[in-house]
Structure formats: structure tokens, C-alpha cells
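Student: Can you read through this structure? Questions will come right after.
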Amino acid sequence: MKLRSPSWVSFRRGSIGVLVALGAWEAFARSGLFSQALSPPIETIAVSLYQLFADGSMVRNAGATLGRVLLGLLIACLIGIPLGTAMARYRAWERFWLPLVSVLMPIPSLAWVPLFILWFGIGDITMIVVVSYAATFPIVYNVWTGVRSVNRIWLRAATAMGASESALFWKVVLFGALPYIITGIRLSFGRAWIAVIGGELLASPTWGLGRIIFDAKEFLNSSVMLAALLVIGVLGLVFERVVFQEIERRTVARWGMVASGKQ
Amino acid sequence: MNRVKDFFVRAGWMVLPFLVVAIIWETLARSGIYPPKLFPSLVTVFEALVRLVVSGALWTNTQGTLVRLVLGFALAGVVGVLLGIAMGRYRVVEDVFLPIVSIGYPIPGLAYAPLFVLWFGLGDLPAVLLVGLASSFSVTINTWKGVKAVREIWLRAAQAMGANDRQIFLQVSLPGALPYIFTGLRLGLAQAWRILVAVEMITAVLHGLGWMIFGAQEFLNTDVMLVGIATIGAIGLLLEKQVFARLEAHTIVRWGMMSA
């Protein structure tokens with residue numbers, strides 16, 4: 001979703017909104033209503049943010065978190081895309097897997113964390129399993145929908161031009177379903193992002209953005225917590241707006257399959 | 001005759017996947033590859049379920065979780081719908097709040113949990129506030145989009161028929177935005193449900209399914225954990241399939257704005 005009007009007035013009002021919010025926070029922090037250890041002024045947060053970046057720990061922690069998310073997403077794609085396709089193409093696969101998918105999908109991945117900790121320990125494996133669990137279902141569901149909704153005419157045209165079964169799949173079905181597949185991966189990223197932060201808070205592996213927050217809580221470092229929150233928000237925003245929107249613009253939007261900038 | 005056969009075929013297909021999974025699970029559990037304490041047989045899990053139901057512990061915990069869900073979601077619904085409508089209707093409100101909402105939206109609500117614990121202590125208050133905060137963003141954004149996306153032609157038709165601003169808003173814009181508002185509420189509820197369990201683990205509430213799972217971990221009670229997970233899944237399924245599907249059938253589908 002883009003900002004509707006890039007006009008000067010909206011920009012000014014938007015900045016005023018953000019400034020007022022920041023000002024309100026600052027006034028609240030300095031009022032002494034809460035102790036400053038709990039609600040640090042912006043200056044303190046900025047200093048914490050700078051320190052986290054300066055000693056390199058932020059980059060390392062963010063790298064660990066991002067690595068887990070991307071690996072989990074990759075696993076989810078490797079499972080979800082073939083499974084979703086098979087479900088859409090073969091009746092027996094659909095009948096077998098759909099009930100399982102619809103029962104497992106509404107279970108929040110984070111509910112599994114304590115059990116996974118017992119099974120896989122408090123390391124990267126648990127994190128990656130949780131992230132994959134969270135990310136697989138939206139991909140399966142969207143690929144399944146996408147493959148079923150590939151335009152019939154394209155399939156018939158390709159068949160009429162003598163495409164073999166495998167060519168039909170690789171050159172028509174997969175690309176026809178691409179808008180759905182991209183939507184699925186996008187949704188999955190959102191879920192995976194929540195799962196990884198929650199998983200890191202609960203399982204506290206050695207490195208990770210969730211770990212920073214968890215540690216900071218022990219020492220009442222709320223400025224560090226807020227700095228980490230800021231980084232989490234910015235990373236999420238960058239992926240959602242920049243990476244996925246760019247992928248969409250370069251592929252399906254360019255090929256005229258969806259209107260660009262939509263959604 | 002054919003109908004009876006049909007029913008059995010369909011029921012068979014419904015049961016088959018679960019039967020296969022159950023058999024694989026049971027074989028693994030009994031094979032002794034994993035310690036039974038960590039990978040309990042389904043019989044043990046079922047016994048735990050019966051024990052928890054009889055002692056009332058399952059119900060108490062479920063109740064705690066549901067009350068928190070309802071309170072948090074109500075908070076998100078009221079704030080989100082009101083803010084979304086205001087943003088859709090008044091340009092000033094939109095300009096001021098859109099950047100704030102866009103920045104806040106991608107931060108997973110769960111990340112605030114430790115901070116909220118510091119601010120509001122342990123227990124129910126931070127849990128409800130967090131769930132409310134986490135789910136309010138999708139409600140706000142969808143409501144705002146919905147009010148914006150009301151068809152121009154409906155507005156003009158109402159105007160031409162002499163409706164005043166208030167009437168247009170109450171009788172055209174709002175019902176027109178309803179499909180989006182429902183989508184937002186639905187997304188919000190799903191989000192609330194997904195993080196509530198984890199929030200309970202972090203804020204150490206008195207009774208709750210998340211807390212039950214987390215507590216069972218201390219004693220290696222994997223059977224209790226699995227009962228908790230299954231209950232969570234069942235409630236999630238029920239919320240999705242029953243509550244919202246019904247609500248939609250009674251309003252926007254009936255009005256012909258969306259097909260069922």
C-alpha cells in the first residue's frame with residue numbers, strides 16, 4: 001500500500017503526526033510518572049541504538065534472526081510449492097492433505113515452541129522448525145489456490161500447440177500461479193517474522209533480536225529494548241515494502257498479470 | 001443407496017489422513033527411538049485429556065484464554081474501526097495517523113511483550129493490552145481502505161437523491177465498507193489468536209492454555225502439552241469456520257456484496 005498522496009500537505013501533516021507522537025513520548029518519559037529506566041527519553045534510546053550498532057552486536061544479532069527467517073522460508077517453499085501444486089493437480093493428494101492442512105493451519109506455531117524445545121533443544125534447529133511451521137501453510141494454501149485458478153485458455157492453447165505435460169507445468173502452470181505464489185510467500189514472511197521473534201523470546205538462543213530484548217529485560221534496559229524494537233520494525237518494513245514489492249514489480253506486474261502497486 | 005455410499009466414501013476420505021498420521025505417530029512412539037516421556041503414545045495423550053477434562057483444569061485454562069482473547073480483540077475492534085473510519089473520512093486524521101500506523105504495523109506485537117511486562121507487571125493486563133495492540137493494526141488499515149474504496153457511483157447516486165453528508169456516511173459509506181471491515185476483523189482475530197498463546201507464556205498469567213503448555217514443559221509433561229496444542233487448534237478452527245463464516249453469511253453475503 002502506498003501513501004495515497006505524495007503531496008506536500010500530507011507529508012507535512014504526517015511529519016507533524018510523528019513529531020507529536022515523539023513529543024508526547026518525550027514529555028511522558030521526562031515527566032517522572034514512570035521511572036526513566038522504564039520509559040527512557042528518545043536521546044537515551046538513540047544512544048543505545050548507536051552503541052548496539054557500534055559494537056557490532058546488532059548486526060550479528062539481526063543477521064542471526066534474518067538467517068533463520070530466510071532458511072525457514074526456503075524450507076517452507078521447498079515443501080509448500082510442490083505440495084500445493086500436487087494438491088491442485090491430483091485429486092487424491094488434495095483429499096489426503098487438505099484436511100491435515102486445515103487442521104494444522106490454525107494452530108499458532110508459537111504454541112509448539114515449548115514442545116519443540118524439549119524435542120530439539122534451545123538452538124537454531126528449534127527456531128528453524130518453528131519458522132518453517134509458521135511459513136509453510138500460507139504457501140501451501142496459496143499455491144493450491146493459484147494452480148487451480150490458472151486460466152483454462154492458457155492451458156488449452158499450450159496443449160493445442162503441442163506442449164508436453166512437463167512443459168505445460170514448467171512454462172504455463174507455474175507462471176500462471178505466480179501471483180498467488182508471491183502472495184503466499186509474502187504472507188509467510190509476515191508469519192515467519194512473528195514466529196522468529198516469539199521463538200527467540202521463548203527459547204533464547206545465543207544470538208537474535210528477540211534475545212536482545214529478552215536480555216535487556218533482565219537488566220531493565222528498556223532503552224535497549226526499544227532500540228531493538230525499532231530495528232525489528234524497520235527490517236520488517238524493508239522486506240514487506242521494498243523486497244516483495246520489487247519482486248512483484250519485476251515479475252508479475254511487468255508481465256501484466258496484476259496491476260502494480262496493488263495490495 | 002448411492003447417497004449412503006457417497007457419505008461413507010467422503011467420511012472415509014475425511015478420516016484416512018488422520019488415521020495415517022496417528023499410525024505413524026504411534027509406531028514412532030512405541031518403537032522406542034525416542035524416550036516415551038518426550039514422545040508419548042496417543043493412549044497417554046488421550047488419558048491426559050480425560051484427566052484434564054475431569055479435573056476441570058482444561059476448562060479453567062481455556063476459559064482464561066478465551067476471556068483474554070475476547071477482551072483484547074474487543075479493544076482492537078473498537079479502536080481499530082473507529083480510527084479507521086476517522087482516517088477514511090477526514091483527510092487530516094489520515095495524514096496524521098497513516099505514517100504512525102504504517103510504522104507500527106510491521107512490528108510483531110509479541111516483541112513488545114517484555115516491555116509491557118516491565119510497564120504493567122505480570123498477569124492479565126499486559127496480555128490483554130498486547131493482544132489488543134497487535135490485532136488493532138490490521139483492523140485499522142482494512143477499515144480505512146474500505147471507507148476509501150466505497151464505489152464513487154453509490155456516493156453520487158445517494159447525493160443525487162438528496163442525501164446529506166451524515167446520511168451518505170451512515171447509509172452508504174459504512175455498509176459499503178463492511179466487507180473490508182470484516183476482513184480486517186477476521187485478520188485481527190487470527191493475529192490475536194496466534195500471539196495470545198505466546199503472550200501467555202511470557203506474561204505468566206494465572207490460567208491459560210499457553211501457560212498450561214509452558215508450565216507442562218517444566219515437568220516434561222509432553223502429553224499435557226499436546227492436549228493443550230490440540231485444544232488451541234480446535235478453538236482456532238472453530239473461530240475461523242463458525243464465528244466469522246456465520247457473521248458474513250448474515251450480513252454482506254445476504255446483501256449480495258460478496259459471494260459465499
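The values are calculated or read from the model by the stated rules, or taken from the named source; none is laboratory data. Bear in mind that the values here come from a model prediction, so they are computed numbers and not experimental data. Virtual Cβ from ideal backbone geometry, glycine too; neighbours counted across all protein chains shown. We work out accessible area using only protein heavy atoms, side chains counted, and drop any ligands, DNA or RNA first. Shrake-Rupley method; radii C 1.70, N 1.55, O 1.52, S 1.80 Å.
Student: Go through region B:91-147 residue by residue and tally those that are open to solvent by less than 10 Å² (accessible area, probe 1.4 Å), under 20 Å from the mean Cα position of the chain (by Cα) and within 7 Å of chain A (Cβ to nearest Cβ).
Tutor: Looking only at that region, the number is 4.
Student: Residue pairs, Cβ under 8 Å, 6 or more apart or interchain, first in region A:196-221 and closer than 15 Å to B:Gly109 by Cα and open to solvent by 60 Å² or more (accessible area, probe 1.4 Å), second of a type outside the set (A, V, I, L, M) and modelled with pLDDT of 80 or more. List them.
Tutor: A:Phe214/A:Glu200; A:Phe214/B:Pro114
Student: Follow-up. Hey, among B:Gly162, B:Gly121, B:Gly84, which residue is out of contact with any helix residue (DSSP H, G or I) (no Cβ under 7 Å at 6 or more places or on another chain) and under 30 Å from B:Val197 (Cα atoms)?
Tutor: On inspection, the qualifying residue turns out to be B:Gly121.
Student: Let me ask something else about it. Can you tell me which residue within region A:110-155, out of those that are within 14 Å of chain B (Cβ to nearest Cβ) and not in a helix (DSSP H, G or I), is least open to solvent (accessible area, probe 1.4 Å)?
Tutor: It comes out as A:Gly121.
Student: State whether one or more residues within region B:64-83 are touching a residue at least 40 places away in the same chain (Cβ under 8 Å), open to solvent by less than 60 Å² (accessible area, probe 1.4 Å), polar (S, T, N, Q) and closer than 30 Å to B:Gly132 by Cβ.
Tutor: The answer is yes, given that some residue of region B:64-83 is touching a residue at least 40 places away in the same chain (Cβ under 8 Å), open to solvent by less than 60 Å² (accessible area, probe 1.4 Å), polar (S, T, N, Q) and closer than 30 Å to B:Gly132 by Cβ.
Student: Still on this structure: Can you work out which of the residues in region B:221-234 that are in contact with a helix residue (DSSP H, G or I) (Cβ under 7 Å, 6 or more places away or on another chain) and open to solvent by 10 Å² or more (accessible area, probe 1.4 Å) is nearest to B:Ser41 (Cα to Cα)?
Tutor: Applying the filter and picking the extreme gives B:Asp223.
Student: Still on this structure, I have one more. Looking at region B:235-250, which of the residues that are open to solvent by less than 30 Å² (accessible area, probe 1.4 Å) and of a type outside the set (Asp, Glu) is modelled with the lowest pLDDT?
Tutor: B:Phe244
Student: Just the residues that are within 26 Å of the chain's Cα centre (by Cα) and over 15 Å from A:Val224 (Cβ atoms), please, taken from region A:15-55.
Tutor: A:Val18, the sole residue that qualifies.
Student: Identify, by number, the condition in (1) within 13 Å of chain B (Cβ to nearest Cβ); (2) assigned to a helix (DSSP H, G or I); (3) free of Cβ contacts under 8 Å to residues at least 40 places away in the same chain that A:Gln36 doesn't meet.
Tutor: Condition not satisfied by A:Gln36: (2).
Student: Going by the conditions given, is A:Ile107 within 14 Å of chain B (Cβ to nearest Cβ), open to solvent by less than 40 Å² (accessible area, probe 1.4 Å), part of a loop (DSSP other than H, G, I, E, B) and within 21 Å of B:Gly228 (Cβ to Cβ)?
Tutor: Yes.
Student: I'm told A:Val231 meets every condition in (1) open to solvent by less than 40 Å² (accessible area, probe 1.4 Å); (2) farther than 20 Å from B:Ile195 by Cβ except one. Can you identify the failing condition by its number?
Tutor: The number of the failed condition is (2).
Student: Pairs please, first residue from region B:113-132 and without any contact (Cβ under 8 Å) to a residue 40 or more places away in the chain, second anywhere and assigned to a helix (DSSP H, G or I) and open to solvent by 10 Å² or more (accessible area, probe 1.4 Å), Cβ atoms under 7 Å, 6+ apart in sequence or on different chains.
Tutor: B:Leu118/A:Lys217; B:Phe120/B:Leu129
Student: Output yes when any residue across region B:200-207 is over 18 Å from B:Gly123 (Cβ atoms) and either modelled with pLDDT under 85 or not in a helix (DSSP H, G or I) (or both), and no when none is.
Tutor: No, region B:200-207 contains no residue that is over 18 Å from B:Gly123 (Cβ atoms) and either modelled with pLDDT under 85 or not in a helix (DSSP H, G or I) (or both).
Student: Being among the hydroxyl-bearing types (Ser, Thr, Tyr), within 13 Å of another protein chain (Cβ to nearest Cβ) and within 22 Å of A:Val20 (Cα to Cα), is that true of even one residue in region B:56-69?
Tutor: No, because not a single residue in region B:56-69 is among the hydroxyl-bearing types (Ser, Thr, Tyr), within 13 Å of another protein chain (Cβ to nearest Cβ) and within 22 Å of A:Val20 (Cα to Cα).
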